[in-house]
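The values are calculated or read from the model by the stated rules, or taken from the named source; none is laboratory data. Predicted, not measured: the structure shown is a model, and the values here were computed from it. Backbone-built Cβ (ideal geometry, glycine too); neighbour counts: all protein chains shown.
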Amino acid sequence: MYENNQWASTGPQRKKPTFGKILGIALAVIALLVILVGAATCFYTVDDKQQAVVTTFGKVTEVAGAGVHFKLPFGIQQVEKVNVNVYQSIELGYRTNSNSPENYDVVDKESTMITGDYNIVNVEFFVEYKISDPVRYLFGSTDPELILRNLIQSQVRNVVGSSSVDAVLTDGKENIQMQVRELVSQILEQYDIGLTLVDVKIQDSEPPTQEVIEAFKAVETAKQRAETVVNDARAYQNAQLPAAQAQADQLTQNAEYLKQARINEAVEQVAMFQAMYEQYALNPEITRSRMYYEAISQVLPGVRLYINTGSGGDVQMLLPLENLVGGQTTTPPATQPATQEGENE
């Protein structure tokens, strides 16, 4: 027994690990895990529709765009991603049903408004906006979407309250939308909450009762019929204008022709008078007699003219009796030469 125990005591002895070694191994494992966790959280990815706001110990130090970026781990740097290139919407006066998008629920306290002529209408607006400044959006206000909703609702009531009921329900919607958009955009610039208004549209507008709805539908139908009649009248006008213009052109051309003919006739008469005057200046007596004879011929057409020159002596002149008895009377011999001589003169 002794020998066996002695032999056993003289064999190789295994040393037990000390507490310091165990602690060192544990710390090494913890450090490795910390390094792995830190390496896994040092990188972040931003897509093309986002921007990332980086804060270091709570202070904004960087705004990163799309891509893979590095940040300090363990909460030293925090990253907040914001959708800046995405249009977001606000429904005012109604809420779309998520289970049935084609149906929606009316919110009366938002849609019921009073117009400038003291009529009550229900108006629903659809608003689009986007984030223009991610830093101001995150840290400029507590709830920028709520601020924008209240601002739009305030300006909508302001514009509708200064408009007539006809404008709200029929032909003034475009003007109302433009006014609301301009007013809200101006105030957003003053508030500087990092949001930009993109568009404001009237989703629906109607009177509060069915009777009034039917009355306005009748008014709208009458307006459409009036527009149809006006368009038909304009079409008829456009069809008749070319013919009327052609007739006017023809009348103008005829008037110009008559005008030129009168001018030419006047010029011709002036030329004839000038030529006659020149002859008159050369032989006044002869020209005067000729003008007299021509005037008698024009005044008494078809009348036979006898000229007594006084060269017949005592020969008695006989009156022409053919017009009285319906026959021909023989002209006295003494008168014939005188007549020919006078005609020759």
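Here is a yes/no grid of residues against (1) assigned to a helix (DSSP H, G or I); (2) not small (Gly, Ala, Ser):
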residue	(1), (2)
Lys109	yes, yes
Gly116	no, no
Lys130	no, yes
Leu148	yes, yes
Ile176	yes, yes
Val180	yes, yes
Thr196	no, yes
Gln203	no, yes
Pro208	no, yes
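Restricting the stretch 252-302 to residues that are assigned to a loop (DSSP other than H, G, I, E, B) and surrounded by 10 or more Cβ atoms within 10 Å (Cβ to Cβ), which is nearest to the chain's Cα centre (by Cα)?
It comes out as Leu300.
Condition check ((1) exposed (fewer than 14 other Cβ atoms within 10 Å of the Cβ); (2) without any contact (Cβ under 8 Å) to a residue 40 or more places away in the chain; (3) assigned to a strand (DSSP E or B)) across all residues:
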{"site": "Thr55", "(1), (2), (3)": "no, yes, yes"}
{"site": "Val79", "(1), (2), (3)": "no, yes, yes"}
{"site": "Asn85", "(1), (2), (3)": "yes, no, no"}
{"site": "Ser89", "(1), (2), (3)": "yes, no, yes"}
{"site": "Asp105", "(1), (2), (3)": "yes, yes, yes"}
{"site": "Met113", "(1), (2), (3)": "no, no, yes"}
Test set (1) surrounded by 12 or more Cβ atoms within 10 Å (Cβ to Cβ); (2) in a loop (DSSP other than H, G, I, E, B) - Glu124 fails condition number: (2)
Filter result for Arg181 (in the same structural domain as Asp108 (by TED's automatic domain parsing), within 23 Å of the chain's Cα centre (by Cα), within 30 Å of Val86 (Cα to Cα) and basic (Lys, Arg)): yes
In the stretch 153-178, what count of residues is obtained for those that are over 20 Å from Glu206 (Cβ atoms) and either crowded, with 17+ Cβ neighbours inside 10 Å or outside the structural domain of Gly93 (by TED's automatic domain parsing) (or both)? 1
Subset of the stretch 52-83 that is at positive phi and among the small types (Gly, Ala, Ser) - its residue that is nearest to the chain's Cα centre (by Cα): Gly67
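Results for (1) at pLDDT below 90; (2) in contact with a Ser or Thr (Cβ under 8 Å, 6 or more places away or on another chain); (3) more than 30 Å from Val121 (Cα to Cα), shown as yes or no for each residue.
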position	(1), (2), (3)
Gly75	yes, no, yes
Ser89	no, no, no
Ser100	yes, no, no
Val106	yes, no, no
Can you work out which of the residues in the stretch 180-209 that are free of Cβ contacts under 8 Å to residues at least 24 places away in the same chain and more than 17 Å from Glu128 (Cβ to Cβ) is surrounded by the fewest Cβ atoms within 10 Å (Cβ to Cβ)? Gln190
Which residues, counting only those in the stretch 57-77, are surrounded by 14 or more Cβ atoms within 10 Å (Cβ to Cβ) and either part of a loop (DSSP other than H, G, I, E, B) or polar (S, T, N, Q) (or both)? Ala66, Lys71, Leu72, Pro73, Gln77
